[in-house]
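Before any comments, here is the structure.
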Amino acid sequence: MNEQHISIISQELSIRPQQVVTTAALLAENATVPFIARYRKEATGSLDEVAITSIRDRLAQLEELDKRRESILKSLEERQLLTDELREKIAAAETMSVLEDIYLPFRPKRRTRATVAREKGLEPLSLLIFEQRDDVSPEVEAASFIDPEKGVETIEEALSGARDIIAEVINENQEARARMRAFFEEKAVFRSKVVPEKEAEGAKFRDYFDWTEAIAAAPSHRILAMRRGEHEEALTLRITPPEEEALSLLNGIFIKGENASTEQVKLAIQDSYKRLLSSSMETEMRIVTKDRADREAIRVFADNLRNLLLAPPLGQKSVLAIDPGIRTGCKVCCLDRQGKLLHTDTIFLYDSGKNAQKAAGILQELCERDQVEAIAIGNGTASRETEAFVKSLSLAGSPPVIMVNESGASVYSASEVARKEFPDLDVSYRGAVSIGRRLMDPLAELVKIDPKSIGVGQYQHDVNQQALKQGLDDVVISCVNAVGVEVNTASEQLLTYVSGLGPMLAKNIVLHRNEHGPFLSRERLRDVPRLGPKAFEQCAGFLRIRNGENALDASAVHPESYHIVEEMAEDVQCTVKDLLGQEALREKIDLSRYVTDAVGLPTLTDILSELAKPGRDPRAQFETLTFADGIEKMEDLRPGMRLPGIVTNVTAFGAFVDIGVHQDGLVHISQLSDRFVKDAHAAVKVHQHVQVTVLEVDLERKRISLSMRDNPDKPSAASPSAAPAARKGPEKNKKTEGRRRPAIEQYDPNNPFVKALKGKIFGKN
């Protein structure tokens with residue numbers, strides 16, 4: 001293991017080197033992050049999933065750096081350019097940019113102006129001028145380099161060639177590049193302008209037609225917005241610092257005095273900056289800012305996804321699910337307590353009174369026959385009308401009527417997963433099944449859908465797709481393992497995300513379950529084909545078996561620790577079941593008695609906590625949200641109304657809230673609280689129930705502006721993402737400055753707000 005890597009990570013994360021070593025070793029053995037965090041606390045010093053993930057990702061970055069380092073060394077060695085000094089510099093480089101700066105002068109390159117000048121024999125002249133001696137006259141010295149055969153006809157041609165060489169030397173100077181890089185990071189600004197004659201075509205980018213903003217302060221969504229505008233050829237985008245300050249910085253590095261040679265060097269500096277260095281730095285800043293924007297967008301997406309996946313489940317209830325529709329009718333599905341499909345039907349509510357009467361009869365019959373305990377209605381078209389109709393009926397058992405965010409249901413219904421689950425079921429009914437199951441257990445159902453189709457992302461198609469997939473997979477894996485999975489009822493898709501499994505083993509578990517019946521103990525998992533000792537070690541603690549042969553199989557206690565619990569039970573003279581059921585017995589346990597070299601207090605404490613709540617779902621208690629009666633469409637809204645809602649998406653610039661009118665409203669970050677809010681996620685979470693005040697309703701553009709402040713009319717504190725560092729053009733209009741938010745939310749087709757602008761239903765696919 002690379003000791004330098006260990007030292008770097010240890011310092012960056014402020015943890016002991018040994019924690020890095022042991023975590024890295026476990027990762028190298030293909031141990032998963034949830035497993036390490038939950039069952040190897042003694043080895044890691046109780047590092048959490050965030051720290052372990054950081055170690056994993058940083059190790060990968062450093063390994064990439066080492067690969068590039070080796071490649072550079074090999075290239076230099078092959079071309080006989082490697083010196084001991086150069087090798088030391090390369091070995092000491094801590095970042096990719098520093099490494100590339102060192103390599104730049106030696107990098108094979110196409111013929112440049114400097115290359116041509118060297119071929120003409122002008123390098124000695126450039127060196128002489130670069131020294132900036134008072135006793136040297138550049139013109140006099142240049143005269144001796146005139147050689148028509150080499151293409152040097154005049155003194156000026158000689159001087160020009162010498163300056164080309166100096167310009168390249170300046171561009172490749174490590175100190176100059178490092179200082180210029182820092183200068184760009186601190187002082188550079190984004191400048192976006194509309195491409196001439198693209199005003200109409202690029203109208204969705206109009207807020208960036210004449211836009212200036214410091215790159216250090218630009219939020220993720222505006223960076224991605226400008227880049228998309230550039231990609232669609234509606235905008236030109238530049239990253240530039242104050243040119244005079246940049247030249248002054250370079251002069252401070254390379255100017256040694258004031259003489260005739262100095263003037264030549266100044267000209268070379270100007271040329272180097274304008275022709276070489278500025279464009280190189282701009283390219284780097286594009287990469288740096290894009291990476292920063294990607295990381296922030298992925299973080300936002302991951303936070304939203306986590307909150308959505310961990311939304312409170314209704315639990316095992318018999319559910320009647322309705323996917324509302326007008327022309328094609330409402331698709332109805334009945335599900336038993338395990339989510340098994342019992343019945344499908346279609347009801348029509350809107351064509352005639354006879355249809356409504358018939359629909360009422362069907363629903364009454366189904367609720368009575370299947371003993372329906374809850375009714376789930378998708379929040380798409382005609383959802384509120386359907387809800388009102390169902391609530392008007394006197395149904396058997398008076399089941400609660402619950403609105404369910406159907407985002408991604410249509411994606412699931414047409415997916416390969418859905419076709420495997422319901423090969424003979426019409427695609428229109430599969431969406432209703434998904435809605436019903438999503439109410440029962442959001443996590444179990446949502447893992448079947450690509451996270452990018454769930455409707456909680458921010459500019460997901462603009463970010464690095466590999467990084468996005470890694471980030472979202474980490475979230476899904478974390479959530480699935482935090483909750484635990486009932487192995488005898490879980491779908492293949494859900495099992496896939498269990499620590500140590502994956503698609504093949506998940507499929508084998510389901511096949512074994514179907515062939516041999518339910519698993520009666522965790523030990524029986526060893527009978528699954530290709531599920532070896534390592535996979536068993538990784539997955540066993542996260543799989544649950546209710547009413548199995550061993551009471552501990554329903555808990556998060558790992559089988560490797562069963563003997564400890566048995567010893568505890570023996571010491572207090574009771575059975576393991578007694579220990580699980582009686583707090584008084586657990587209070588008699590002295591954990592210090594069971595400490596060994598392999599098992600410490602962190603694990604023992606976890607075991608005792610688990611015995612108190614074996615297999616208990618860590619998710620919050622389910623709460624029903626009821627939208628305001630009589631508020632079913634945008635036309636019903638009036639400024640000043642106080643309404644209940646549910647947060648459907650959180651972005652860098654605010655939160656979207658469903659208030660039951662088929663159109664999500666935006667609570668801008670400045671309206672999330674009476675206090676200053678830097679990060680919207682600190683104020684609200686996806687699926688959170690909130691009270692909002694209607695500020696403005698724009699029927700024409702399908703926009704709803706909301707507030708969560710107690711005093712919405714009172715001027716709010718400024719928000720870092722609400723306003724840029726600098727504005728130009730119409731953005732300085734004080735009448736519109738507070739309302740106009742130049743951001744990608746106004747046009748991103750993957751962003752829910754754009755769907756709002758287009759009059760689409762949030763989350764409808």
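Read the figures in this text as sums done on the coordinates, not as results from a lab. Nothing here was measured: the structure is a model prediction, and the numbers come from that model. In this analysis, Cβ positions are derived from the backbone assuming ideal geometry, glycine residues included, and neighbour counts consider all displayed protein chains.
Helix 260-271 axis versus longest C-alpha principal axis of the chain: approximately 30°, rounded to the nearest ten. Note on residue 243 and residue 85: the model spin-label points, each 7 Å out from Cα along the C-beta direction, lie 3.6 nm apart. The slack in the chain from residue 428 to residue 613, taken as 0.36 nm per residue of separation less the alpha-carbon distance, amounts to 62.6 nm.
Magnitude of the charge dipole for the chain, about its Cα centre and with charges confined to Cβ atoms of Lys, Arg (+1) and Asp, Glu (-1), is about 2160 debye.
Highest mean packing first, where packing is the average number of other Cβ atoms within 10 Å per residue, the peptides 698-711, 448-461, 70-83, 203-216 line up as 448-461, 203-216, 698-711, 70-83. May I ask you to list the lysines whose Cα is less than 29 Å away from that of residue 577, ignoring any residue fewer than eight positions away on the same chain? Hits, sequence-local ones excluded: 41, 317, 534, 588, 613.
Footprinting exposure proxy ranking of 32, 346, fewest other C-beta atoms within 10 angstrom first, gives 346, 32. Rg and Dmax over the alpha-carbon atoms of the stretch 603-677 stand at 19.1, 59 Å.
As a calculated quantity, the FRET efficiency between residue 279 and residue 713 at R0 = 56 Å, using C-beta atoms, amounts to about 0.70. All Cα-Cα distances of the stretch 314-440, cut into 5 Å bins from zero to the largest, leave 2, 12, 23, 27, 21, 11, 4, 1 percent in each bin in turn. Put a plus charge on the Cβ of each Lys and Arg, a minus charge on the Cβ of each Asp and Glu, and nothing anywhere else: the dipole of the stretch 314-440 about its Cα centre is then about 120 debye.
Taking only the Cα atoms of the stretch 1-135, the radius of gyration and Dmax are 22.3, 75 Å. Once the convex hull of all Cα atoms in the chain is built, its volume per residue stands at 224 Å³. Beta bridges assigned by DSSP with both partners in the stretch 314-440 are antiparallel in approximately 60 percent of cases. Against the main long axis of the alpha-carbon atoms of the chain, helix 17-28 sits at an angle near 70°. What shape does the stretch 531-604 take by its C-alpha gyration tensor, where a ≥ b ≥ c are the square roots of the eigenvalues and a/c under 1.5 counts as rounded, a/b above b/c as prolate, and the rest as oblate? It comes out oblate by the Cα gyration axes.
Karplus-derived 3J(HN,Hα) values for the stretch 219-227, using 6.51 cos²θ - 1.76 cosθ + 1.60 with θ = phi - 60°, are x, 3, 5, 7, 4, 5, 5, 5, 5 Hz; glycine and proline are entered as x. Seen from all directions on average, the stretch 24-96 presents a Cα convex hull projection of 6.0 nm². Would you mind classifying the stretch 282-322 by shape? Square roots of the alpha carbon gyration tensor eigenvalues, ordered a ≥ b ≥ c; an a/c under 1.5 is rounded, otherwise it is prolate if a/b is larger than b/c and oblate if not. Prolate, since a/c reaches 1.5 and a/b exceeds b/c.
One way to sum up the overall shape of the stretch 262-361 is the equivalent ellipsoid from its Cα gyration tensor, whose semi-axes run 66, 20, 8 Å, largest first.
For the chain, the longest principal axis of the alpha carbon atoms and the long axis of helix 465-483 meet at an angle near 30°.
Reported to the nearest whole Å, the Cα centre-to-centre distance from the stretch 260-303 to the stretch 610-639 is 48. Students often forget the sequence filter, so: which lysines lie under 18 Å Cα-Cα from residue 256 once same-chain residues fewer than 8 apart are removed? Answer for residue 256, where 18 Å is the Cα cut-off: 266, listed by chain and number. Against the empirical curve 2.2 N^0.38 Å, the C-alpha radius of gyration of the stretch 560-706 lands at a ratio of 1.73.
As a rough guide to protection, the peptides 581-591, 681-691, 541-551 ranked by mean Cβ packing within 10 Å, highest first, stand as 541-551, 681-691, 581-591.
Placing R0 at 25 angstrom, the Cβ-Cβ distance between residue 450 and residue 203 gives a FRET efficiency of 0.25 after rounding to 0.05. Ratio of Rg to Rh for the stretch 56-194: 1.08 [Cα atoms; Kirkwood radius as inverse mean 1/r over pairs]. With the convex hull of its Cα atoms as the shape, the stretch 156-280 has an orientation-averaged projected area of 9.3 nm². Overall form of the stretch 419-542: oblate. Here a/c, set by the Cα gyration tensor axes a ≥ b ≥ c, is 1.5 or more, and a/b is not larger than b/c.
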